[in-house]
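Novice: Could you have a look at this structure, given as structure tokens, before my questions?
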Amino acid sequence: MNKFDIQEHAEEMEQTEPITDDPTTRKDIIPIEKKCFLCGQYTVKFFEKDLIEKLKTREKPIQTICPDLSKEDREFLITGMCDKCQKEMF
Ligand SMILES: [Zn+2]
């Protein structure tokens, strides 16, 4: 491999964007912070921005807007109850 080849390879590496599911790096994912009314702990969960906007309008029940969301996440969005308290309650 000569010098030129190495340079070309380096350029290719820069152009490749890392694919990541890290919610903090995604623009369409926003953090939602809520205080659990049972234990008083603050919990932060990440949700799609579109989803939160739809929920704000309250036109449809949450089950209709996001049927794929876990029971825990739905409960969190509605009441703010953390996963730990939900496990103890249900
Ligand atoms: Zn709690």
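Every number in this text was worked out from the coordinates using simple rules, so none of it is lab data. Quick caveat, the model's predicted, so the values are computed rather than measured. Cβ coordinates were reconstructed from backbone atoms using ideal geometry, including for glycine residues, and neighbour counts include every protein chain displayed.
Novice: Could you check segment 43-54 and list, in sequence order, the residues that are surrounded by 11 or more Cβ atoms within 10 Å (Cβ to Cβ) and within 18 Å of ASP83 (Cα to Cα)?
Specialist: Passing the criteria: THR43, LYS45, PHE46, PHE47.
Novice: Here is a further query. If I go through segment 55-83 residue by residue, how many of them are exposed (fewer than 14 other Cβ atoms within 10 Å of the Cβ) and not hydrophobic (A, V, I, L, M, F, W, C)? Full working, then the answer.
Specialist: Residues of segment 55-83 that are exposed (fewer than 14 other Cβ atoms within 10 Å of the Cβ), as a first pass: 56-61, 63-64, 67-68, 70-71, 78.
Going one step further and asking which of them are not hydrophobic (A, V, I, L, M, F, W, C), we end up with 56-61, 63-64, 67-68, 70-71.
Count: 12.
Novice: When only residues in segment 27-72 that are under 16 Å from the mean Cα position of the chain (by Cα) and part of a loop (DSSP other than H, G, I, E, B) count, which is farthest from the ligand (Cβ to nearest atom)?
Specialist: Looking at the filtered set, the residue picked out is LYS27.
Novice: Output the residue which, of all residues in segment 73-90 that are within 11 Å of the ligand (Cβ to nearest atom) and among the charged types (D, E, K, R), is farthest from the chain's Cα centre (by Cα).
Specialist: Looking only at segment 73-90, we keep the residues that are within 11 Å of the ligand (Cβ to nearest atom), and these are 75-76, 79-89.
From what is left, the residues that are among the charged types (D, E, K, R) are 75, 83-84, 87-88.
Numbers: GLU75: 15, ASP83: 15, LYS84: 19, LYS87: 21, GLU88: 24 Å.
Selected residue: GLU88.
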